[in-house]
1. Across 10 Å bins from 0, what is the distribution of all Cα-Cα pair distances for the chain, in whole percents?
2. Under 11 Å from the 7 Å Cα→Cβ point of residue 97, by amide nitrogen: which residues of segment 110-136?
3. Sorting 129, 116, 18 on the 10 Å Cβ count, fewest up front, what's the list?
4. Considering the dipole of segment 2-142 built from charges on the beta carbon (Lys and Arg +1, Asp and Glu -1) around the Cα centre, which of 93, 50, 72 is farthest to its positive end?
5. Roughly what angle does helix 125-142 make with the longest principal axis of the chain, taking Cα atoms, 0 to 90 degrees, to the nearest 10?
6. Hey, rough spin-label estimate for residue 15 and residue 116, points 7 angstrom out along Cα→Cβ, what's it come to in nanometres?
7. What lysines sit close enough to residue 122 to cross-link, taking a C-alpha to C-alpha distance under 28 Å and skipping anything fewer than 8 places away on the same chain?
8. Using Cα pairs under 8 angstrom and six or more residues apart, how large is the relative contact order of the chain, in percent?
Amino acid sequence: MMDDLKSLYQEVILDHSKSPRNFGKIEPHTTEGHGDNPLCGDQVTLYVNVDDAGIITDISFEGKGCAISTASTSLLTQLVKGKSKGEATELFGQFQDMVTSSPEDTNRSEAPDELKVLAGVKQFPMRVKCATLSWHALKAALENKAALATSE
């Protein structure tokens, strides 16, 4: 059963990395966020449209990265479209907790099922940076920070 789940997760990651959703630059866009991981060469730019009510009406990305980085960004774009800035920020926290917290940490909030395919990266600290890069870029875009987002 566990091997079936692991296989399914690998298939989802490969699917999103080979056929990323929402890839390409949307014009016009109201804000953008950049992420760069100089250790591995992953780079991403998120283009985001936020309406006057603070709802993410559209989001896309461009960049290059490993399968984990690309799949994480593709999933991110699908999940935050239609969400408020606050809900997207909450998703960022849930995702960050999922990939960085220890199993004993019971105070963390539960990440959506769609993101659980990336939970295994926590076993590989160098891959956590790949998975979280676009999430940091999203946070920067939503905060309208011009500075480059880097995955910590």
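Values quoted throughout were computed directly from the atomic coordinates according to the rules given, and no laboratory measurement underlies them. Predicted model, so just to flag it, every value in this text is computed and none were measured. Positions of Cβ are backbone-derived with ideal geometry, glycine not excepted, and every protein chain shown enters the neighbour counts.
1. 12, 44, 35, 9, 1
2. Only 110-112 pass the distance filter.
3. Details: 129 22, 116 14, 18 11.
Going from least to most buried by this count: 18, 116, 129.
4. Comparing the listed Cα positions along the dipole, 72 ranks first.
5. So the inclination is approximately 20 degrees.
6. According to this spin-label approximation, the distance is 1.6 nm.
7. Reachable lysines: 6, 18, 64, 81, 83, 85, 139, 145.
8. The normalised contact order for the chain reaches 30 percent.
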